[in-house]
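Notes follow the structure.
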Amino acid sequence: GRGNLADPFYERALSIALESGDWANASRGYQNLSSLYYCRGDLARSCYTAGQALDLARRAGKKDLEFLSLAPQAWAYHLQGNLKKASRNFRDAEALEKENDSSISHLSGLRGIHHADHLMRRGEADYARKVTQANLKICERYNFPAIMSQCHRILADLFADAGQHEEARESYGLALNLARSISHRLVLIEALLSRGRWYGKIMKDSAAASSDLNEALEYARAGGYRPYEADIRIGLAWAHLAAGNVDLARGEARFALQMSQDMGYHW
């Protein structure tokens with residue numbers, strides 16, 4: 001949960017790999033930096049470093065590193081609102097991952113999480129559900145609780161969008177329980193954010209929404225995770241609106257809008 005302290009370690013590892021001509025590990029280093037940058041809202045640098053990772057993956061002749069680089073670049077495009085390029089990269093990454101492992105039907109791991117979120121943005125709920133269910137099956141087989149939590153969070157969002165609120169409540173609960181059982185702060189932020197937004201925007205439960213969202217906000221600000229903070233503040237705006245506090249809602253919405261414009265973050 002301290003992404004604001006991670007740069008020197010990633011940069012040192014990348015420097016060592018580049019100096020030794022280890023293009024595969026240099027590609028991984030750029031992938032890590034890309035992930036760090038999009039979590040912190042430096043979206044242009046995230047897209048650039050993912051591109052560097054992709055170039056080095058091809059230089060190393062590593063097909064697996066290609067799809068591992070295409071996916072964060074797709075996510076950076078998605079966060080900037082370039083949905084056409086994001087869709088193309090996700091499609092290419094999926095094809096390469098399936099080529100690399102014939103047992104895989106869709107993008108897996110964090111790549112599958114981001115792809116499903118992208119598909120929901122595009123209104124492709126059925127495909128998002130297929131990607132997530134396939135991802136969840138793999139993660140349950142190998143016991144990856146972080147991705148399992150994120151899968152349940154996506155399924156909860158899909159249930160909520162479909163008006164299936166009891167199913168949504170159950171899935172949000174599963175996501176949050178898994179997130180609290182591990183030390184991965186970003187996974188906990190996502191679970192709290194999604195359930196809090198659902199409480200405030202859909203269920204009009206201001207107290208429950210504020211509880212989840214204020215906890216998430218504390219974590220997001222501590223780690224410098226600015227896109228998450230913007231999303232949380234939108235959730236808080238809905239919570240205030242549900243409570244009839246229009247001025248507070250407007251203040252949170254304006255704050256989120258200014259943050260998003262500063263980052264080039266499109267939602």
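The values are calculated or read from the model by the stated rules, or taken from the named source; none is laboratory data. Model, not experiment: these values are computed from the prediction. Cβ sites come from the backbone with ideal geometry, for glycine too, and all protein chains shown count toward neighbours. Just so you know, the surface numbers come from the protein's heavy atoms only, side chains and all, with ligands and any DNA or RNA stripped out. Shrake-Rupley method; radii C 1.70, N 1.55, O 1.52, S 1.80 Å.
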Flag if Lys85 is under 22 Å from Met120 (Cα atoms) and open to solvent by 10 Å² or more (accessible area, probe 1.4 Å): yes
Please work out which one of (1) open to solvent by 20 Å² or more (accessible area, probe 1.4 Å); (2) not in a loop (DSSP other than H, G, I, E, B) is the condition Ser69 fails and give its number. (1)
Pairs, first within 16 Å of Glu218 (Cβ to Cβ) in the range 172-193, second outside any helix (DSSP H, G or I) and modelled with pLDDT under 95, C-beta under 7 Å, six or more apart: Arg185/Gly1
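Every residue, every condition in (1) under 19 Å from Val131 (Cβ atoms); (2) modelled with pLDDT of 95 or more; (3) out of contact with any helix residue (DSSP H, G or I) (no Cβ under 8 Å at 6 or more places or on another chain); (4) surrounded by fewer than 20 Cβ atoms within 10 Å (Cβ to Cβ), yes or no:
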| residue | (1), (2), (3), (4) |
| --- | --- |
| Ser15 | no, yes, yes, yes |
| Ser35 | no, yes, no, no |
| Cys39 | no, yes, no, no |
| Thr49 | no, yes, no, no |
| Lys63 | no, no, no, yes |
| Gly81 | no, yes, yes, yes |
| Arg91 | yes, yes, yes, yes |
| Ser108 | yes, yes, no, no |
Right, Arg141: among the basic types (Lys, Arg) and surrounded by 15 or more Cβ atoms within 10 Å (Cβ to Cβ) or not? no
For the range 36-83, name all the residues that are under 22 Å from Val187 (Cβ atoms) and basic (Lys, Arg). Arg40
Of all residues being at pLDDT below 95 and outside any helix (DSSP H, G or I) in the range 94-106, which is most open to solvent (accessible area, probe 1.4 Å)? Just the residue, please. Ser102
Output the qualifying pairs, or none if there are none: Cβ atoms under 9 angstrom, residues six or more apart or on different chains, first residue in the range 198-218 and free of Cβ contacts under 8 Å to residues at least 24 places away in the same chain, second residue open to solvent by 70 Å² or more (accessible area, probe 1.4 Å). Asp212/Arg197
Picking from Leu119, Leu79, the residue that is under 22 Å from Ser46 (Cα atoms) and in contact with a Pro (Cβ under 8 Å, 6 or more places away or on another chain) would be Leu79
Checking Glu229, Glu167, Glu215, Glu190 in turn, the sole residue that is open to solvent by 10 Å² or more (accessible area, probe 1.4 Å), of a type in the set (D, E, K, R) and more than 26 Å from Arg122 (Cβ to Cβ) turns out to be Glu215
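Within the range 69-91, take every residue that is in contact with an Asp or Glu (Cβ under 9 Å, 6 or more places away or on another chain) and of a type outside the set (Ser, Thr, Tyr) and give me the one that is nearest to Met259 (Cα to Cα).
First, pick out the residues of the range 69-91 that are in contact with an Asp or Glu (Cβ under 9 Å, 6 or more places away or on another chain): 69-71, 74-75, 78.
If we keep only those that are of a type outside the set (Ser, Thr, Tyr) as well, we get 70-71, 74-75, 78.
Details: Leu70: 26, Ala71: 25, Ala74: 22, Trp75: 19, His78: 17 Å.
Here the answer is His78.
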